[in-house]
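Engineer: Can you keep this structure in mind? I'll have questions shortly.
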Amino acid sequence: MNGRIQNLVNRIRLLETELEGAFREQEQKFRYHVEGTRVRFEQQVRDAHRDMKMRWGEWFGHSRPLNILSAPIIYSMVVPLALLDVSMTLYQHICFRLYSIPRVNRTDYVIMDRHRLAYLNAFEKLNCAYCSYGNGVIAYSREIAARTEQYWCPIKNARRVKGAHPRYDTFVPYGDAEELHVKVLEFRKQLVNEKDMENDPDKAADP
C-alpha cells in the first residue's frame, strides 16, 4: 500500500482509540457504567431521569401532525429490514463457512439499550428501539458485505466513495494490474487470520 495512505490509516486508527477514551470519560460524566449488555446508572441519577420524563400528552403536543401521519410509512420499513437481517445471517452462515471467513457477530452491531433510559416515555422508547434495530441491521449487513468484498474483489473504485467501510482503505488501487492477484491472496489470508484470532485471542497479542 502507498506509504502516505498507510500513514493516514494509522492516524485514523489512533483517533478511533482516542474516541474510545472519550466515551469512557462520558460514562463518568453521566454517572453510568456498562456491565456486559446492561447499562447501570447510579440510583440518584435514575430517580432524576424519571422526573424528567415527558408525558404522552405533552409529547404529542410538541409533535408535528405530519410526523405522526408519516409513522406508518416509517414503521413499514421493518419488513425489508427484517428480511435483510435474516437473509444476511443465512448468507454468512452458509458462505463464510465455505470460504473460512470469520462470521460477523450480530450483537456487536445490533445494540438495543436506548429504550431502557428512564427519561423516555413509551413512544420515545419505541422510536429509539426501532432506530437502533434499523441502523444496527444496516451496519451488520455492511460488515458482512465488506468481508465478502475483501475476499472476492478488494479493488478501490476510480471515484472517491463516500462513507466507505473501514476495510476499503487498504484495497488495491484502481488500475494496479500487477499487484491485484497477489494482493487478493493476501487479503483472503488476512480474513482467515482474523478467524484464528477470534478463536484464540492470545494470538492477537503475539508480536
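Engineer: Inspect segment 74-81 for any residue being in a helix (DSSP H, G or I) and either among the acidic types (Asp, Glu) or touching a Leu at 6+ places or on another chain (Cβ under 8 Å) (or both) and give the result as yes or no. Break it down stepwise before answering.
Structural biologist: From segment 74-81, those in a helix (DSSP H, G or I) are 74-76, 78-81; that's our starting set.
With the extra rule that they be either among the acidic types (Asp, Glu) or touching a Leu at 6+ places or on another chain (Cβ under 8 Å) (or both), the set shrinks to none.
Looking for residues that are in a helix (DSSP H, G or I) and either among the acidic types (Asp, Glu) or touching a Leu at 6+ places or on another chain (Cβ under 8 Å) (or both), one finds none in segment 74-81, hence no.
Engineer: Does Arg97 satisfy being closer than 20 Å to Ile144 by Cα, open to solvent by less than 90 Å² (accessible area, probe 1.4 Å) and among the basic types (Lys, Arg)?
Structural biologist: On the way: closer than 20 Å to Ile144 by Cα: yes; open to solvent by less than 90 Å² (accessible area, probe 1.4 Å): no; among the basic types (Lys, Arg): yes.
Judged against the criteria, Arg97 is not a match.
Engineer: In segment 143-157, is there at least one residue being of a type in the set (A, V, I, L, M), open to solvent by less than 30 Å² (accessible area, probe 1.4 Å) and within 24 Å of Val9 (Cα to Cα)? Write out each step before concluding.
Structural biologist: Pass one, segment 143-157, residues of a type in the set (A, V, I, L, M): 144-146, 155.
Next, only the ones that are open to solvent by less than 30 Å² (accessible area, probe 1.4 Å) stay: 144, 146.
Those left that are additionally within 24 Å of Val9 (Cα to Cα): 144, 146.
So far as segment 143-157 goes, yes, one or more of its residues are of a type in the set (A, V, I, L, M), open to solvent by less than 30 Å² (accessible area, probe 1.4 Å) and within 24 Å of Val9 (Cα to Cα).
Engineer: Specify the residue that is most open to solvent (accessible area, probe 1.4 Å); the eligible residues are those in segment 165-188 that are closer than 12 Å to Gln150 by Cβ and not in a helix (DSSP H, G or I).
Structural biologist: Within segment 165-188, the match that is most open to solvent (accessible area, probe 1.4 Å) is His165.
Engineer: A follow-up question, please. Would you please name the residue that is nearest to Val184 (Cα to Cα), looking only at residues in segment 114-138 that are open to solvent by less than 50 Å² (accessible area, probe 1.4 Å) and part of a loop (DSSP other than H, G, I, E, B)? Full working, then the answer.
Structural biologist: Of the residues in segment 114-138, the ones open to solvent by less than 50 Å² (accessible area, probe 1.4 Å) are 117-118, 120-121, 124, 128-130, 132-134, 136-137.
Right, trim to part of a loop (DSSP other than H, G, I, E, B) and you get 117-118, 120-121.
Working: Leu117: 46, Ala118: 49, Leu120: 49, Asn121: 51 Å.
Step by step, filter segment 114-138, then rank; the result is Leu117.
Engineer: Quick one: count up the residues across segment 139-164 that are touching a residue at least 12 places away in the same chain (Cβ under 8 Å), within 22 Å of the chain's Cα centre (by Cα) and outside any helix (DSSP H, G or I).
Structural biologist: Of the residues in segment 139-164, 2 are touching a residue at least 12 places away in the same chain (Cβ under 8 Å), within 22 Å of the chain's Cα centre (by Cα) and outside any helix (DSSP H, G or I).
Engineer: While we're here: Filter segment 94-105 for residues that are outside any loop (DSSP other than H, G, I, E, B) and within 16 Å of Glu194 (Cα to Cα) and give the result.
Structural biologist: Kept after step one, since they are outside any loop (DSSP other than H, G, I, E, B), are these residues of segment 94-105: 94-99.
Selection gives Phe96, Arg97, Leu98, Tyr99.
The values are calculated or read from the model by the stated rules, or taken from the named source; none is laboratory data. What you are looking at is a predicted structure, and each value in this text was computed from that prediction instead of being measured. Positions of Cβ are generated from backbone atoms using ideal geometry, with glycine treated the same way; all protein chains shown enter the neighbour counts. The area values use the complete protein model at the heavy-atom level, side chains included, leaving out ligands, DNA and RNA. Shrake-Rupley method; radii C 1.70, N 1.55, O 1.52, S 1.80 Å.
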